[in-house]
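Remarks on the structure that follows.
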Amino acid sequence: MFDVEKMKKIYFDWIDKKIQFVPSKNQDYMTITTPFLDMYNDYIELVIAQGNTSKYIISTRGAS
């Protein structure tokens, strides 16, 4: 029998070990590097910055 809960745990443990959260030097944005590859075989990276309000800006192009 296939154990779905066990597979979910294995997957989430793998993600937890592979994902990287790196704050910028002046702490105004954070880069998240995922273990997933894009069509050019580069790791998918997201940049998260706080906007003018309490909302956050998520980008793949760098901090704005």
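Residue pairs whose Cβ atoms lie under 9 Å apart, separated by 6 or more positions or on different chains, with the first residue in the range 47-64 and more than 19 Å from ILE19 (Cβ to Cβ) and modelled with pLDDT of 80 or more and the second open to solvent by less than 100 Å² (accessible area, probe 1.4 Å) and among the hydrophobic types (A, V, I, L, M, F, W, C), are GLN50/ILE57; GLY51/ILE57; ILE57/VAL47; ILE57/ILE48; ILE57/ALA49; ILE57/ALA63. Is it true that MET39 is without any contact (Cβ under 8 Å) to a residue 60 or more places away in the chain and open to solvent by 80 Å² or more (accessible area, probe 1.4 Å)? Considered against the rule, which asks whether it is without any contact (Cβ under 8 Å) to a residue 60 or more places away in the chain and open to solvent by 80 Å² or more (accessible area, probe 1.4 Å), MET39 comes out as yes. When residues in the range 21-36 are screened for being under 10 Å from the mean Cα position of the chain (by Cα) and open to solvent by less than 100 Å² (accessible area, probe 1.4 Å), 8 of them pass. Within the range 7-20, identify whether any single residue is open to solvent by 100 Å² or more (accessible area, probe 1.4 Å) and modelled with pLDDT under 95, and answer yes or no. Checked the range 7-20: no residue is open to solvent by 100 Å² or more (accessible area, probe 1.4 Å) and modelled with pLDDT under 95. Of the residues making up the range 28-64, just one is hydrophobic (A, V, I, L, M, F, W, C), under 25 Å from PHE12 (Cα atoms) and not in a strand (DSSP E or B), namely MET39.
The values are calculated or read from the model by the stated rules, or taken from the named source; none is laboratory data. Please read all numbers here as calculations on a predicted model, not as lab measurements. Don't worry about glycine lacking a Cβ; one is built from the backbone with ideal geometry, like all the others, and counts go over all protein chains shown. Side chains are part of the model used for accessible areas, which takes the heavy atoms of the whole protein and leaves out ligands, DNA and RNA. Shrake-Rupley method; radii C 1.70, N 1.55, O 1.52, S 1.80 Å.
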